[in-house]
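The values are calculated or read from the model by the stated rules, or taken from the named source; none is laboratory data. Because the structure is a prediction, the values reported are computed rather than measured. Glycine also receives a Cβ, built like all others from the backbone with ideal geometry; neighbour counts cover every protein chain displayed. With ligands, DNA and RNA removed, areas are computed over all heavy atoms of the protein, side chains included. Shrake-Rupley method; radii C 1.70, N 1.55, O 1.52, S 1.80 Å.
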Amino acid sequence: MNRRDFSRNLAGAVMGAAALGSRSLLGSPMPPADGEGPGVPFKLSVMLWTVFEKLPFEERLAKVAEAGYKNVELVGEYKRWSEDDFKKALAKKHELGLTFDVTAGLAHGVGDPSARDALLADVRNELPIMERLECPAVIIMSGNVVPGMSRQQQHESCVEGLKRAAALLEGKKIAGQPVRLLLENIDPEENPNYYLQSVAEGFEVIKAVHHPQVQFLYDFFHEQIAEGNLIEKLEKNIDQLGLVHIADVPGRHEPGTGEINYANIYKKLIQLKYDRYAAMEFLPTSDPVGKLRAAREEVLAVARG
């Protein structure tokens, strides 16, 4: 399942019943992630659903490494793995020196209070798998607008749901890093019924939760479609940011194919000393390894000036 399908399917399931910044929300300094290269304080990753879909999992990891990346993001690819599948995947991960920095694919979101218990069960069930994968973060979705609920009520449900989920993670670490929940926005073209379409509101939710293990996943592709004004939101909310996703508009292709000025975004992330992860989540227009390699090189070139 890719993430676009997941964002649609998650909301339907809910109706039927997604690393810390330089300082945490509580003001405690956090150990910085090792940067991608000279002058780049953040690490680069690849959201795996966008590339090499027809290859076996271990070969997909090898292609990511070939493109120069050391981090990979998942969307529940392991849901149907056998014990042997886990062993092979983890062996390849260690052989290539890769990390899994985040996963996604929980069946329920935080926006519907009637799905709260199911969401908490999702988180409890995912934690042992995340420990096995050495993956310290999971993406959380809001789910769809709930008929009969006001936006204020649903906003409050997102806050309360994240607080309850955060209680399950209190003080937990995986691979030496605090386990984190990352709330994500989705644009109205991809899912017109999705509740949290606004990054500005997403940051307000994170501020209200006020927990160092709950942060925001800022997807530039979705926000450019939804509201734009991408860089100002970085400047105002950098302390609530745990991950950024990168793709151009229109088409969700590699940077440089559309209207987003990623060079300026990279400059701002560097200026703000953002030290978590930035994941390539684009659909390459050709040669995926080449496009991923070029996208990584652009980030390093911006840092070199």
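Values for this structure:
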| item | result |
| --- | --- |
| Filtered residues of the range 235-257 (kept if assigned to a helix (DSSP H, G or I), over 23 Å from residue 136 (Cα atoms) and in contact with a Phe, Trp or Tyr (Cβ under 8 Å, 6 or more places away or on another chain)) | 236 |
| Residue within the range 18-28 that is under 21 Å from residue 192 (Cβ atoms) and either open to solvent by 10 Å² or more (accessible area, probe 1.4 Å) or at pLDDT below 95 (or both) present | yes |
| Residues that are part of a helix (DSSP H, G or I) and open to solvent by 10 Å² or more (accessible area, probe 1.4 Å), drawn from the range 182-208 | 200, 201, 204, 207, 208 |
| Leading residue by the ranking (most open to solvent (accessible area, probe 1.4 Å)) among those in the range 59-98 that are aromatic (Phe, Trp, Tyr) and in a loop (DSSP other than H, G, I, E, B) | 81 |
| The range 47-58: number of residues that are basic (Lys, Arg) and surrounded by 15 or more Cβ atoms within 10 Å (Cβ to Cβ) | 0 |
| Condition met for residue 179 (more than 25 Å from residue 71 (Cα to Cα), surrounded by fewer than 24 Cβ atoms within 10 Å (Cβ to Cβ), modelled with pLDDT of 95 or more and not hydroxyl-bearing (Ser, Thr, Tyr)) | no |
| Index of the failed condition, residue 105 passing every other in (1) within 17 Å of residue 245 (Cα to Cα); (2) assigned to a loop (DSSP other than H, G, I, E, B); (3) open to solvent by less than 10 Å² (accessible area, probe 1.4 Å) | (3) |
| Output for the range 75-102, where each listed residue is closer than 18 Å to residue 51 by Cα and of a type in the set (Lys, Arg) | 92, 93 |
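Quick grid of which residues meet (1) out of contact with any strand residue (DSSP E or B) (no Cβ under 6 Å at 6 or more places or on another chain); (2) modelled with pLDDT under 95; (3) farther than 21 Å from residue 262 by Cβ; (4) crowded, with 23+ Cβ neighbours inside 10 Å:
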{"site": "148", "(1), (2), (3), (4)": "yes, no, yes, no"}
{"site": "155", "(1), (2), (3), (4)": "yes, no, yes, no"}
{"site": "214", "(1), (2), (3), (4)": "no, no, yes, yes"}
{"site": "227", "(1), (2), (3), (4)": "yes, no, no, no"}
